[in-house]
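What follows is a single structure, written as structure tokens, with notes after it.
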Amino acid sequence: MKLFSFFIYGLAFFFLFEANQTMGLEAELQILSVHTQAVEVVKFSPDGKYLVSAGEDNRAILWNLKSGKIARVLSGHFDQGVKCIDISSDGTLLACGNGDGTLRIWNVNTGKCTQTIKAHTESVFALAFTSDKSKIISGGHDGKIFIWNVENGQMLLSIKPPETTTSISSTLNGKITFSSQIHSGLYCLALSPDGRTVATGGYSESIKIWDSSTGKLILAFKGNKYRVNSLEFSPDGTKLVGSGEDSLVKIWDAKTGKELIECKGHKTGILSVVFSPKGDRIMSGSKDRTIKIWSSQNGELLHTLQNEKNYVNSVSFSPDGKSIACTNGNIVKLWRLSE
């Protein structure tokens, strides 16, 4: 094992390489450390040029994967952190959803913020660009879904599900010690590859499929118990994968909502789940501090990687499917996988 450290733009940048033989895969670990608070989300750009990390320190950082250096630091997200990001299909635009309810769109090449939209009354938890990057969809803890014009920041469509609340309580020796009402807000969304439908999930435990052009509800079905934390369509759009507080990864038929596969192995809530670029694998990150890779064909567990101390808030596959990234507190871990 070797450890290297040096400084770029006055910020610490660390590398740690180690061989990790598990289930026939070799993982090479690289650690990126510049954030001062928890990293909420990581994502590879579609062209594989950058890895983007963002979080509670109100910054989004673009890492140049070829040079191993920081390409840009995007700041100006006020004081409530970056909760979610998305990158346009051509890699030129970066959208950040913030804890203050705003949506910001940045030009990756210039580092300039091109749009600031007061999108929601509560935190923005999910974003998705359309394939032509002309529109972006936002979902928030206020339970609302909006579609925006990227060029001028105008709202094109508003989807407002019925407002509901969920009761929670705690008892001790038969007596209620705590009781509250939780707003059933939206926590995640996914846009189908053809851009025609939007899947949403959150505190209501149900998954809803919406027509992205009309806002009409197409389908609703039971998702994960307690809360649906993450959703993503398969590359061909036929399946939907989700994860939640019930520690399960589930795959559904995207058209009918029929449950196809259930993956068991995590010990507690799963915060992030994604398909591999080919759609043959699924990766999940959990509060149990592990990253697991599964077969999307039969739910078989293929590979497990361990975080030392922190929840895995976010995971991402590189466009070629050979690298993965995840969060670990205020650092980002990057693995190069090979069979």
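If you scan the range 233-256, which residues turn out to be of a type in the set (Gly, Ala, Ser) and surrounded by 19 or more Cβ atoms within 10 Å (Cβ to Cβ)?
Hits for the range 233-256 are 234, 242, 243, 244, 247, 254.
Sort out which residues of the range 129-146 are surrounded by fewer than 23 Cβ atoms within 10 Å (Cβ to Cβ), modelled with pLDDT of 95 or more and at negative phi, and write them in order of number.
130, 131, 132, 134, 135, 146, listed by residue number.
For the range 49-64, which residues satisfy the criterion of being surrounded by fewer than 19 Cβ atoms within 10 Å (Cβ to Cβ) and touching a Phe, Trp or Tyr at 6+ places or on another chain (Cβ under 8 Å)?
64
Given the options 247, 234, name the one that is more than 27 Å from residue 157 (Cβ to Cβ), in contact with a strand residue (DSSP E or B) (Cβ under 7 Å, 6 or more places away or on another chain) and of a type in the set (Gly, Ala, Ser).
One residue alone meets the criteria, 247.
Tell me yes or no: at least one residue of the range 287-301 is among the basic types (Lys, Arg) and crowded, with 21+ Cβ neighbours inside 10 Å.
yes
Could you figure out which of (1) at pLDDT 95 or above; (2) over 20 Å from residue 122 (Cα atoms); (3) of a type in the set (A, V, I, L, M) isn't true of residue 190?
The single condition residue 190 does not satisfy is (2).
Filter the range 189-221 down to residues that are charged (D, E, K, R) and part of a strand (DSSP E or B) and give me whichever is surrounded by the most Cβ atoms within 10 Å (Cβ to Cβ).
208
Out of all the residues in the range 61-81, which are part of a strand (DSSP E or B) and in contact with a Leu (Cβ under 9 Å, 6 or more places away or on another chain)?
Within the range 61-81, 61, 62, 63, 64, 70, 71, 72, 73, 74 qualify.
So which residues in the range 233-253 are over 16 Å from residue 204 (Cα atoms), out of contact with any Ser or Thr (no Cβ under 6 Å at 6 or more places or on another chain) and not basic (Lys, Arg), if there are any at all?
Residues satisfying the conditions are 234, 235, 236, 238, 240, 241, 248, 251, 252, 253.
Out of 229, 224, I need the residue that is in contact with a strand residue (DSSP E or B) (Cβ under 6 Å, 6 or more places away or on another chain) and assigned to a loop (DSSP other than H, G, I, E, B). Which one?
Within the list 229, 224, the selection yields 224.
Return the pair list, or none, for Cβ contacts closer than 7 Å from residues in the range 92-104 that are more than 17 Å from residue 185 (Cα to Cα) to residues that are of a type in the set (Ser, Thr, Tyr) and part of a strand (DSSP E or B), at least 6 apart or on different chains.
Matching pairs, first to second residue: 103/138; 104/116.
Of the numbered conditions (1) touching a residue at least 60 places away in the same chain (Cβ under 8 Å); (2) closer than 22 Å to residue 139 by Cα, residue 86 satisfies every one except a single condition; which is it?
The failed condition is (1).
Quick one: in the range 261-301, which of the residues that are within 19 Å of residue 338 (Cβ to Cβ) and either at pLDDT below 95 or among the basic types (Lys, Arg) (or both) is farthest from the chain's Cα centre (by Cα)?
The residue in question is 278.
List pairs: first in the range 267-290 and under 12 Å from residue 317 (Cα atoms) and aromatic (Phe, Trp, Tyr), second at pLDDT 95 or above and part of a loop (DSSP other than H, G, I, E, B), Cβ under 9 Å, 6+ apart or cross-chain?
Note: pairs meeting the criteria are 275/234; 275/235; 275/296.
Give the residue that is surrounded by the fewest Cβ atoms within 10 Å (Cβ to Cβ), with candidates limited to residues of the range 308-318 that are in a loop (DSSP other than H, G, I, E, B) and touching a strand residue (DSSP E or B) at 6+ places or on another chain (Cβ under 6 Å).
This residue is 310.
Quick one: residue 131 ticks every box in (1) part of a strand (DSSP E or B); (2) under 18 Å from the mean Cα position of the chain (by Cα) except a single one, so which number is it?
Answer for residue 131: the failing condition is (1).
Which numbered condition in (1) in contact (Cβ under 8 Å) with a residue 40 or more places away in the chain; (2) part of a loop (DSSP other than H, G, I, E, B); (3) more than 18 Å from residue 315 (Cα to Cα) is the only one that residue 235 fails?
Tallying (1) in contact (Cβ under 8 Å) with a residue 40 or more places away in the chain; (2) part of a loop (DSSP other than H, G, I, E, B); (3) more than 18 Å from residue 315 (Cα to Cα), residue 235 fails exactly one: (3).
The values are calculated or read from the model by the stated rules, or taken from the named source; none is laboratory data. All values derive from a computational prediction rather than experimental measurement. Reconstructed Cβ throughout: ideal geometry from the backbone, glycine too, with neighbour counts over all protein chains shown.
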